[in-house]
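Working notes, structure below.
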Amino acid sequence: MTESPLISRSIDVDYSSVAIARDGRQIIVRAIRPDDKVIFEDELRHLSPESRYFRFFTPKTELTAKELKYFSELDFVNHVGLIALIQENDTFVAAGTGRYIVCAGNGKGPSAEVAFEVKEEFQNLGIATILLRELTCIASKSGIKQLVAFVLNTNSKMLSVLRKFHWKYQSHGGSAGVITLSKELSNAESGDIRTSSQNHSEG
Ligand SMILES: CC(C)(COP(=O)(O)OP(=O)(O)OC[C@H]1O[C@@H](n2cnc3c(N)ncnc32)[C@H](O)[C@@H]1OP(=O)(O)O)[C@@H](O)C(=O)NCCC(=O)NCCS
């Protein structure tokens with residue numbers, strides 16, 4: 001992870017916004033907190049083996065204490081993460097998470113890698129679309145110039161989400177079947193986060 005003075009703190013830890021899932025349910029998006037560790041453990045259990053492989057590129061079944069700390073204790077400068085909670089009866093339950101991690105740039109300015117996971121039962125409701133839209137706004141406002149994603153070429157859902165936002169194929173990665181997609185950020189992406197996330201999840 002590269003610390004860069006060109007990147008500013010993105011959001012406050014008490015950040016939250018509201019969006020609507022494809023089935024009409026309300027989604028609350030908020031900043032990931034240290035006490036979300038239990039959510040990450042639960043999330044992994046609610047991913048199919050294929051989804052776990054798509055996310056981690058290994059058949060991962062549990063997270064170590066170090067990984068849980070890494071996923072939940074964020075600085076919101078170099079590592080920014082959001083959690084989506086979906087309405088279920090009278091309460092909201094964790095449905096998915098998205099994050100970006102600042103990485104070595106390409107000479108055009110700070111760059112960050114995005115990653116997502118949405119629990120199996122809440123997939124195809126537009127949650128990753130909502131999270132990506134919001135993370136893109138946050139990254140752009142924070143001075144990030146490019147987002148990248150490493151995706152298995154068989155991961156049709158993730159590719160579909162990225163293509164909706166006009167991400168471009170960049171290259172094949174080092175590992176078999178992994179491709180790199182990227183999105184250059186401009187001021188156009190830094191529109192009002194709250195307004196954009198209140199829209200319907202269609203990209
Ligand atoms: C990839 C993932 C994050 C997408 O989350 P999601 O909340 O279901 O995504 P959305 O609902 O916003 O969008 C899914 C898109 O895939 C499309 N889709 C669903 N099944 C598909 C398939 N078999 N082939 C192609 N596209 C498909 C949906 O139609 C939707 O596109 P649309 O909005 O244009 O209709 C989720 O499937 C997941 O957690 N997968 C496992 C982990 C992973 O792959 N992470 C990404 C690594 S960076």
Query raised in the report: Nearest-5 percent of antiparallel DSSP beta bridges in the chain?
Result: 90
Query - Convex hull per residue volume in Å³, alpha carbons only, for the range 16-198 - result: 117
Report task. Would you mind checking Lys66/Lys141; Lys108/Lys168; Lys37/Lys164; Lys119/Lys157 for any pair whose Cα atoms are more than 23 angstrom apart? Result -> Lys66/Lys141; Lys37/Lys164
Report task. Output the DSSP H helices from the chain with an along-axis C-alpha extent of no less than 15 Å and a mean Kyte-Doolittle hydropathy no less than 0.5. Result -> 127-142
Query raised in the report: For the range 82-182, rounded, prolate or oblate, judged on the Cα gyration tensor with a ≥ b ≥ c (square roots of eigenvalues), a/c < 1.5 rounded, else prolate if a/b > b/c?
Result: oblate
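Fewest to most neighbouring Cβ within 10 Å: what's the order for Lys66, Lys157?
Lys66, Lys157
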Query raised in the report: What residues of the range 43-74 lie in the reach of a label at His172, counting those whose backbone N is under 19 Å from a point 7 Å from the Cα along Cα→Cβ?
Result: 57
Query raised in the report: Counting only residues 5 or more places away or on other chains, whose amide H sits under 5 Å from the amide H of Ile20 once H atoms are built in the peptide plane?
Result: Ile27, Ser201
Report summary line: With the label point 7 Å along the Cα-to-beta-carbon line of His46 and a cut-off under 19 Å to each amide N, the hits in the range 82-105 are 82-99
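What value, in deg cm²/dmol to 500, does the helix sum -39500 (n - 2.57) over DSSP H runs of n ≥ 4 give at 222 nm once divided by the residues of the chain?
Mean residue ellipticity, 222 nm, calculated: -8000 deg cm²/dmol.
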Query - Extension gain (nm, one decimal) between Ile101 and Arg163, 0.36 nm per residue minus Cα-Cα - result: 20.3 nm
Query raised in the report: Using θ = phi - 60° and the Karplus form 6.51 cos²θ - 1.76 cosθ + 1.60, what ³J(HN,Hα) does each residue of the range 90-102 get, whole Hz, x for Gly and Pro?
Result: 9, 9, 10, 10, 5, 10, x, 9, x, 8, 10, 10, 5
Query - Spin-label pair Asn89/Lys66, simplified geometry with 7 Å Cα→Cβ offset, distance in nm - result: 4.0
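Values in this text are rule-based calculations from the coordinates and carry no lab data. Because the structure is predicted, anything quoted here is derived from the model rather than measured. A quick note on method: Cβ atoms are made from the backbone with ideal geometry, for glycine too, and the neighbour counts reach across all protein chains shown.
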